[in-house]
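Undergrad: Please read through the structure below; I'll follow up with questions.
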Amino acid sequence: MTTAATTPQVMPAAPPKDGLPSLIAYLTRVLKTPTIGAFWEELAAQAREENWSHEEYLAALLQRQVADRESKGTVMRIRTAHFPQVKTLEDFNLDHLPSLRRDVLAHLATATFVAKAENVILLGPPGIGKTHLAIGLGVRACQSGYSVLFDTASNWITRLSAAHHSGQLETELKKIRRYKLIIVDEVGYIPFDQDAANLRSSSWWRPAMSRARSWSPRTCPSAGGGRPSPTTSSLRR
């Protein structure tokens, strides 16, 4: 017995009464590609002037759509990271901290430490810009497509302690683990009362912070006398 399979041919849709632009507007709404709907005519004119091939025109349209979607995704990731204010690495005055290793900072700016699940500890006295650098690295991670969550160590303890006492700790930990980069600022300012000391030494503080990839302690050496992990990058010469 012999069977033959045929591939249905896709015929161009008939343009509506008000023309092709209306059809394209409809199709881009269905496909949820608003950037293509907004720029196809402009790029079509450019394609005709510069004698692009059909493939080049399609690639240019898709690139514009992807770039716009990635840009909006970055804005959303920065917004949900809860930075106290948005600061970038480009805004950091490198002359203000001559001991800063530019090569290490440039490497961290690639955000590869997030993919490798490596920790970064920023050490130094108050006022040298550790929080700025931590936020800047977080923003760069957002731009690289990673989800980020920022808070001070004190607020982390408050958040996790409240979840622990209400019996919602596991639920809270699941929320935290969704993020690829956790930034813990002001580690040196953790209040050393009995509850905080018990929390930091407890069996659930470590798993809660196991995804923390960037620490920004305010004191030197590392807060609480802890030693940096082997994967820690030192920014100082």
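The values are calculated or read from the model by the stated rules, or taken from the named source; none is laboratory data. Owing to the predicted nature of the structure, the values given are computational and were not obtained by experimental measurement. Glycine also receives a Cβ, built like all others from the backbone with ideal geometry; neighbour counts cover every protein chain displayed. Heavy atoms of the whole protein, side chains included, go into the accessibility calculation; ligands, DNA and RNA do not. Shrake-Rupley method; radii C 1.70, N 1.55, O 1.52, S 1.80 Å.
Undergrad: Looking at T158, is it open to solvent by 50 Å² or more (accessible area, probe 1.4 Å), more than 23 Å from R77 (Cα to Cα) and hydroxyl-bearing (S, T, Y)?
TA: Yes: the conditions hold for T158.
Undergrad: If I filter segment 102-119 down to residues being touching a residue at least 24 places away in the same chain (Cβ under 8 Å) and open to solvent by 80 Å² or more (accessible area, probe 1.4 Å), which single residue comes out as nearest to Q143 (Cα to Cα)?
TA: Going through the qualifying residues, I end up with H107.
Undergrad: Find the helices (runs of 4 or more DSSP H) located wholly in segment 1-119 whose residues include 1 or more that are modelled with pLDDT under 90, and list them.
TA: Counting at least 1 such residues, we get 20-31, 34-50, 54-80.
Undergrad: While we're on this one: What pairs come up if the first residue lies in segment 157-172 and is within 25 Å of E186 (Cβ to Cβ) and aliphatic (A, V, I, L, M), the second is open to solvent by less than 80 Å² (accessible area, probe 1.4 Å) and not in a helix (DSSP H, G or I), and their beta carbons are under 8 Å apart, counting only those six or more places apart or on different chains?
TA: Note: pairs meeting the criteria are I157/I190; L160/W204; L169/W204.
Undergrad: Regarding segment 119-129, can at least one residue be identified that is more than 16 Å from G188 (Cα to Cα) and not hydrophobic (A, V, I, L, M, F, W, C)? Reasoning before the result, please.
TA: If we filter segment 119-129 for residues that are more than 16 Å from G188 (Cα to Cα), which is where we start, we get 119.
So of that shortlist, the ones also not hydrophobic (A, V, I, L, M, F, W, C) come out as 119.
Yes, that holds for at least one residue.
Undergrad: Examine segment 120-135 for a residue that is surrounded by fewer than 21 Cβ atoms within 10 Å (Cβ to Cβ), part of a loop (DSSP other than H, G, I, E, B) and in contact with a Pro (Cβ under 9 Å, 6 or more places away or on another chain), and state whether such a residue exists.
TA: Yes, because at least one residue in segment 120-135 is surrounded by fewer than 21 Cβ atoms within 10 Å (Cβ to Cβ), part of a loop (DSSP other than H, G, I, E, B) and in contact with a Pro (Cβ under 9 Å, 6 or more places away or on another chain).
Undergrad: Does segment 161-183 hold any residues that are of a type in the set (S, T, Y) and either farther than 19 Å from A111 by Cα or open to solvent by 80 Å² or more (accessible area, probe 1.4 Å) (or both), and which are they?
TA: Passing the criteria: S161, S166, T171.
Undergrad: If H82 meets every condition in (1) open to solvent by 30 Å² or more (accessible area, probe 1.4 Å); (2) under 13 Å from the mean Cα position of the chain (by Cα); (3) more than 21 Å from E186 (Cα to Cα) apart from one, which number is that one?
TA: (3)
Undergrad: Can you confirm whether segment 147-155 contains a residue that is open to solvent by less than 30 Å² (accessible area, probe 1.4 Å), among the hydroxyl-bearing types (S, T, Y) and more than 14 Å from the chain's Cα centre (by Cα)?
TA: yes
Undergrad: Can you pull out the residues in segment 53-87 that are of a type in the set (F, W, Y) and touching a residue at least 24 places away in the same chain (Cβ under 8 Å)?
TA: F83
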